[in-house]
Amino acid sequence: MSDKDDYTPPKVWKWNAENGGEWAKINRPISGATHDKTLPVGDNPIQLYSLATPNGVKVTIMLEELLALGHTGAEYDAYTISIGEGQQFGSGFVDINPNSKIPALVDRSTETPTKIFESGAILLYLAEKFGALIPQDASKRTECLSWLFWQMGSAPYLGGGFGHFYSYAPVKIEYCIDRFTMEVKRQLDVLDKQLADKKYICGDEYTIADIAIWPWYGALILNKVYGAAEFLEAHTYTHVLRWANDIAAREAVKRGKIVNKTWGELDQQLHERHHASDFDEKTQDKLESSN
């Protein structure tokens, strides 16, 4: 190992704001707002402040699935929070989510507006509010929640662990990449075995477990995040791959995954969403640009 790898932690850790790679400028060891910023509010019952990262995509897919099922109360306004610019530290956003992470949601249909943060909590709130995408049978509901919480506990190893050290870290550290690759492959194996004889994560019923897991592990296996499909031998997880493609083909998923997206191909970006017609306009824009 090189001298650069020989590191002894100091007695007391000191924050080096320049250390940490691509996202260093928005990471800090303290919480709270850095500036005053009032969030916009639209006319729909639900207000979402987010970005189309895997955690944000969970919620926009959930809302689009609810609307597809006919739950008009799930109409929503989605506003982009640019985390690279530190907008998650604005006072309005911090008032909803003291943890300053996207997504954050406000349900204005309740007597007092209801604030919810953490993507898993938002999915569960919406499922219970509309009585949809969560099993009603107690045993099946419990299994669904087990997988929802599995995702919440496992994904940090994929994102903050593997994704960071494989894609974003300023220094490629063999030990870190090996450690988190091993864990991510173990997680994929867990999912592959679970899906071997099931259409969806919990059986024949599409649930918030699928909606929570797909933006992370479906995107990974389809090579939509980190560009690591070959590295991870994604093709060997055949059941996960089949499931990931099935979910990707759903119309609500196609809509939800582009909401609050500000990068990539222009026809796959919808910075704000206020009405279903926003998607129609996006399609029209694509047709016009191809002529």
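What follows is calculated from the coordinates using simple rules that are stated; it is not laboratory data. Remember, predicted model here, so these are calculated numbers, not experimental data. Because the Cβ atoms are built from the backbone with ideal geometry, glycine has one as well, and the counts that use them run over all protein chains shown.
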Exercise for the section: Filter region 241-273 down to the residues that are in contact with a Ser or Thr (Cβ under 7 Å, 6 or more places away or on another chain) and either of a type in the set (Asp, Glu) or not in a loop (DSSP other than H, G, I, E, B) (or both), then identify the one that is farthest from GLU65 (Cα to Cα). Expected result: GLU272
Practice task
Working carefully through the options ILE173, ILE221, ILE211, find the one that is out of contact with any Lys or Arg (no Cβ under 7 Å at 6 or more places or on another chain), among the β-branched types (Val, Ile, Thr) and buried (at least 20 other Cβ atoms within 10 Å of the Cβ).
Solution key: ILE221
Exercise for the section: Inspect region 11-32 for any residue being touching a strand residue (DSSP E or B) at 6+ places or on another chain (Cβ under 8 Å), surrounded by 15 or more Cβ atoms within 10 Å (Cβ to Cβ) and either over 28 Å from HIS275 (Cα atoms) or among the aromatic types (Phe, Trp, Tyr) (or both) and give the result as yes or no. Expected result: no
Exercise for the section: Return yes or no: is THR262 of a type in the set (Val, Ile, Thr) and more than 20 Å from the chain's Cα centre (by Cα)? Expected result: no
Exercise for the section: Check PHE231 against each of (1) more than 16 Å from THR53 (Cβ to Cβ); (2) of a type outside the set (Gly, Ala, Ser); (3) in a helix (DSSP H, G or I); (4) in contact (Cβ under 8 Å) with a residue 60 or more places away in the chain and name the one condition it does not meet. Expected result: (3)
Exercise for the section: Could you please let me know if GLN87 is over 22 Å from ALA252 (Cβ atoms) and buried (at least 20 other Cβ atoms within 10 Å of the Cβ)? Expected result: yes
Problem - Failed condition for CYS144, given (1) closer than 18 Å to ILE61 by Cα; (2) part of a loop (DSSP other than H, G, I, E, B); (3) touching a residue at least 24 places away in the same chain (Cβ under 8 Å) - result: (2)
